[in-house]
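Q: Pasting a structure below so you can have a look.
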Amino acid sequence: MTKRYALRDDQWEQIKDLLPGRTGTVGVTAKDNRLFVEAILYRYRSGIPWRDLPERFGDFRVVHTRFSRWAKTGVWQRVFEVLS
């Protein structure tokens, strides 16, 4: 993946504890939150439709569903506040 679509390590360190699905929290543990966040960055920075998301990010329908769930619960708002 090109760097422009990826999070820098310092950015990841700032947001990783804000995300649902991390080890030690209630609910299902996510396989890879960083890969998921980078999938969303890739999709929006490249301007592609969801269905064109590269396979390395997983099924685009699952990624979209998770994106929508995080949006409804305010996760993205918190992430962008920290990163801005």
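The values are calculated or read from the model by the stated rules, or taken from the named source; none is laboratory data. Bear in mind that the values here come from a model prediction, so they are computed numbers and not experimental data. Cβ atoms come from the backbone with ideal geometry, glycine included; neighbour counts cover every protein chain shown.
Q: Counting only residues that are among the aliphatic types (A, V, I, L, M), more than 16 Å from residue 5 (Cβ to Cβ) and free of Cβ contacts under 8 Å to residues at least 24 places away in the same chain, how many does the range 40-84 have?
A: 2
Q: I would also like to ask the following. State the number of residues belonging to the range 35-62 that are outside any loop (DSSP other than H, G, I, E, B), touching a Phe, Trp or Tyr at 6+ places or on another chain (Cβ under 6 Å) and not small (Gly, Ala, Ser).
A: Keep residues of the range 35-62 that are outside any loop (DSSP other than H, G, I, E, B), which gives 35-46, 50-52, 55-57, 60-62.
Subset that is touching a Phe, Trp or Tyr at 6+ places or on another chain (Cβ under 6 Å): 39-42, 45, 50-51, 60.
From what's left, not small (Gly, Ala, Ser): 40-42, 45, 50-51, 60.
So the answer is 7.
Q: Now for a different question. Checking the structure you have, find out if any residue of the range 64-72 is modelled with pLDDT of 95 or more, outside any helix (DSSP H, G or I) and surrounded by fewer than 16 Cβ atoms within 10 Å (Cβ to Cβ).
A: no
Q: Say we look at the range 28-39 and pick out the residues that are of a type outside the set (A, V, I, L, M) and surrounded by 11 or more Cβ atoms within 10 Å (Cβ to Cβ); which of these is nearest to residue 5 (Cα to Cα)?
A: Start the filter on the range 28-39 by keeping residues that are of a type outside the set (A, V, I, L, M), which leaves 29, 31-34, 36, 38.
Those left that are additionally surrounded by 11 or more Cβ atoms within 10 Å (Cβ to Cβ): 29, 32-34, 36, 38.
On the way: 29: 24, 32: 16, 33: 15, 34: 12, 36: 12, 38: 7 Å.
Restricting to residues being of a type outside the set (A, V, I, L, M) and surrounded by 11 or more Cβ atoms within 10 Å (Cβ to Cβ), the top hit is 38.
Q: Could you check, for the range 24-39, whether at least one of its residues is on the phi > 0 side of the Ramachandran plot and at pLDDT below 95?
A: yes
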